[in-house]
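Read-outs: derived from the displayed coordinates by stated rules, not from any lab. The shown structure was predicted, so the numbers you read here are calculated from the model rather than taken from an experiment. Cβ atoms come from the backbone with ideal geometry, glycine included; neighbour counts cover every protein chain shown.
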Amino acid sequence: MSENPPVTVRVDSAGAGKTAFEVLGVKDTAVARVNGALVDLAHVVAEGDVVEQVPYGSEDGRNVLRHSAAHVLAQAVQELFPGTLLGIGPFIKDGFYYDFLPSRPFTPEDLVAIEKKMSDITRQRQRFSRRVVSEADASSELAHEKFKIELIGLKGAAPEESPEVGGAELTIYDNLVGDATVWSDLCRGPHLPTTRDIPAFKLMRSAAAYWRGDQKNEQLQRIYGTAWESKDALKEHLHLLEEAEKRDHRKLGVELDLFSFPDEIGSGLVVFHPRGGVIKREMEDYVRARHLAEGFHYVGTPHISKEGLFHTSGHLPYYADGMFPPMEMEGSDYYLKAMNCPMHNLIYKSRGRSYRELPLRYFEFGSVYRNEPSGVIHGLTRVRGFAQDDSHSYCTQEQAPDEVKHLLTFVLGLLKDFGLTDFYLELSTRDDSKPDKFVGSDEDWATATAVLEKCAQETGLELVPDPGGAAFYGPKISVQARDAIGRTWQMSTVQYDFNQPAGFELEYQAADGSRQQPVMIHAAKFGSIERFIGVLTEHYAGAFPAWLAPVQVVGIPVHSDYDGYLHDLAGRLRSEGIRVEVDDSDDRMQKKIRNAQKQKVPYMLIAGAEDIEAGAVSFRFRDGTQDNGIPVDDAIARIVEAVRART
RNA sequence: GCCGGCUUGGCGCAGCGGUAGCGCAACGCUCUUGUAAAGCGUAGGUCGUCGGUUCGAUCCCGACAGCCGGCUCCA
């Protein structure tokens, strides 16, 4: 990042006719912003123009250098694999990609060769030269590039869809060596001045991607790369990726013996081992207690149901693809439930309800099963069987806004209790162009959406629209949480539903004696217990806070003579509810410390002759710091307090 | 579901057309004195599954399953 504020110049009469680069006259300039629009440094300015430096390390600067790198990638691919057709090549977070239609998919070896060819191209200092073309000229020049032709046809329709087209005019960028054009691509620009100006890049991987993101379209081969304003910035990014890999919950799940996915059970189905079970149980106990404190009633429902229930709820007409296929018994088809709401509705309906009971809140850890496509299964964050900490609040339409607010406040507080503190909200709404995917009237959708939007805004959190992302029965707010290394995860959802109360003919008797239909608010606080454990594992990199740690204390004797002393201490801790082990194996002390450290145990209690003489014990913490000679009573109090405080 | 890659003892990895090794872990023995790996020994694998090619397959080919990276989708 540039330390100094960007240079800004207002062009005077002497500057008119010069290039943006000339009037700025400063280094560390990727492109220029002239009167608010990004342009090439070769752009000729006029008197009165305001020209601003865009440094390489700025957001725009990075985007431009990444997009320029994408061009070099495309050029390298077309030189190495003649006849390969081009898709699009935008910048993305941390890098860029380019989509291709090659005669065969790229291999890892191909990527090495392509990266080398890219280096050749950058060394040649090819100039990116902008040329305005008419639609007819572009079409004939790019006649062999069918995807580019399609983009030309889209010009103006969706400017955000690709960097190739959009804006007032159609442009082609030529790569020049001397005066000779060695390569060209349809592109809106802008670009760095030359290929040599790309400071640092690296190809990451290749993968398939559907043309224009639609499963119905042809599948292209996408190559991902990363590019940065300096070699150091690139190195730092690669280091961050390594760190992220170390906290991968799938890896930590094995190393810390938390859970596994036995092939024999099936893809996307998890078993929790004793240590993972501790985390799961602590979470559930705490969450259950918090729900009770917030006025929820804990209920219980089965995992499967006859199909009629899911017709009533609307799941079978709208969600059948997402459910496991039915099993037939005694002439009925039974389905594993994919959602808990239909069952809760039956509890509501089990007797007449009064307005005095509302809002009526049901909560359970409901096990649901969803037929996720095989390619999307991913550790704990995308599974086929999981438990939702699911609740349904039945209330009058007038109560709904307060209930949504209540839920949002509750959810955010709960997430904070687990160490997640950085959030934004997403408002998922109906896609009006696909009426067959959503049930209910326009008016009801508008009402529901307005309630959610207003409540979301009142939290003061950033609110991002998600058009088309609603459930079939109503709009939703989802809470996105950022973890310790800045990645975001979709956690909680709050959904406003007026359709299922109608389908189930739910009602309550109002104060005036009339029968009214309640609305129901669905809310999953963690989304799924499984996903949340996965996210927490990555957030804490396996070093869970003491209250969640599978093993909270390990006693380590300096010599086996002191095993008994530590066993006595462990007994006292255990009676305080602390999960404690004494490592009385015949390893040496150093090895025991190493083992406890690798298991990320919060407290190591070390005892030798000095400690015993003083009636004390020595702490070693996970960060390697120590606190020696602590009297045993103090040590116990300290640990008990830390666990109680959930810090 | 689609495209590509991968699959060798509990974990991490070698290897190779002539039926397999290493480190850690496990087990045994001898050790154990202050903050991240003591030494020696033992045991453990029909090389994911099923077919095919071959005199012979862990190795080559195919199908299936699982996993990984993306796309699409999603709590």
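Determine, from the Cβ-Cβ distance of A:Asn595 and A:Glu398 and an R0 of 60 Å, the FRET efficiency 1/(1 + (r/R0)^6), rounded to the nearest 0.05.
Calculated value: 0.50.
Normalized C-alpha radius of gyration of the range A:431-560, against 2.2 N^0.38 Å?
Compactness ratio reported: 1.53.
Using only DSSP helix segments of four residues or longer, with each worth -39500 (n - 2.57), what per-residue ellipticity at 222 nm results for chain A after dividing by its residue count and rounding to 500?
Helices in chain A give a 222 nm mean residue ellipticity of -10000 deg cm²/dmol.
Quick one: compute the contact order of the range A:62-242, relative version, from alpha carbon pairs under 8 angstrom and 6+ residues apart, as a percent.
With pairs under 8 Å counted, the relative contact order is 28 percent.
Quick one: Cα centre-to-centre distance for the range A:378-397 and the range A:457-481, in angstrom?
16 Å
By how many nm would the segment from A:Ser575 to A:His378 grow when fully extended, if each residue of separation counts as 0.36 nm and the alpha-carbon distance is taken off?
Using 0.36 nm per residue and subtracting the Cα-Cα distance, I get 67.0 nm.
So if we plug the beta-carbon distance of A:Phe81 and A:Arg288 into 1/(1 + (r/R0)^6) with R0 = 60 Å, what FRET efficiency do we get, rounded to 0.05?
For R0 = 60 Å, the calculated efficiency reads 0.55.
Once you have the Cα-Cα distance between A:Lys434 and A:Lys27, take 0.36 nm times their residue separation minus that, and quote the gain in nm to one decimal.
Additional length available on full extension: 141.4 nm.
For A:Ser585 and A:Val640 in the same chain, what is the full-extension length gain: residue separation times 0.36 nm, less their Cα-Cα distance, in nm?
In short, 17.2 nm is gained.
So, by mean Cβ neighbours within 10 angstrom, what's the order for A:118-128, A:557-567 with the highest one leading?
A:118-128, A:557-567
Rounded, prolate or oblate: which fits the range A:48-91 when a ≥ b ≥ c are the square roots of the eigenvalues of the alpha-carbon gyration tensor, with rounded for a/c under 1.5 and prolate only if a/b beats b/c?
Prolate is the answer for the range A:48-91, as a/c is 1.5 or above and a/b outweighs b/c.
Below 19 Å, Cα to Cα, which aspartates and glutamates can A:Lys437 reach? Residues fewer than 8 away in the same chain don't count.
A:Asp214, A:Asp321, A:Glu372, A:Asp466, A:Asp497
Among all the aspartates and glutamates, which ones have a C-alpha under 14 Å from A:Lys235's C-alpha, if same-chain residues fewer than 8 places away are not counted?
Reachable aspartates and glutamates: A:Asp94, A:Glu243.
In what sequence, highest mean first, do A:104-114, A:279-289 appear when ranked by Cβ atoms within 10 angstrom?
Packing proxy ranking, top to bottom: A:279-289, A:104-114.
How big is the gap, in Å, between the Cα center of the range A:234-289 and the Cα center of the range A:172-190?
Taking the Cα centre of the range A:172-190 as reference, the centre of the range A:234-289 is 48 Å away.
In whole Hz, with x marking every Gly and Pro, tabulate ³J(HN,Hα) for the range A:306-321 from phi via Karplus 6.51 cos²θ - 1.76 cosθ + 1.60, θ = phi - 60°.
Rounded to whole hertz, the list is 5, 5, x, 4, 7, 6, 4, 6, x, 5, 5, x, 9, 10, 4, 4.
Applying 1/(1 + (r/R0)^6) with R0 = 25 Å to the Cβ-Cβ distance of A:Asp417 and A:Lys246, what FRET efficiency is obtained, to the nearest 0.05?
0.45
To the nearest 20 debye, what charge dipole does chain A have about its Cα centre, counting +1 at the Cβ of each Lys and Arg and -1 at the Cβ of each Asp and Glu?
480 debye
Along each of its three principal axes, how wide is the spread of alpha-carbon positions in chain A, in whole angstrom units, largest first?
Its Cα atoms span 83, 78, 52 Å along the three principal axes.
What are the GluC sites (Glu not before Pro) within the range A:1-77 that DSSP puts in a loop, where the Cβ has at most 15 other Cβ atoms within 10 Å?
A:Glu3, A:Glu47
In what order do A:Thr301, A:Thr421, A:Thr29 fall by count of nearby beta-carbon atoms within 10 Å, going from fewest to most?
Taking fewest neighbouring Cβ atoms as first place, the list is A:Thr421, A:Thr301, A:Thr29.
Does the range A:553-644 come out rounded, prolate or oblate, given a ≥ b ≥ c as the square roots of the eigenvalues of its C-alpha gyration tensor, rounded meaning a/c under 1.5 and, failing that, prolate meaning a/b above b/c?
Rounded, because the longest to shortest axis ratio a/c is under 1.5.
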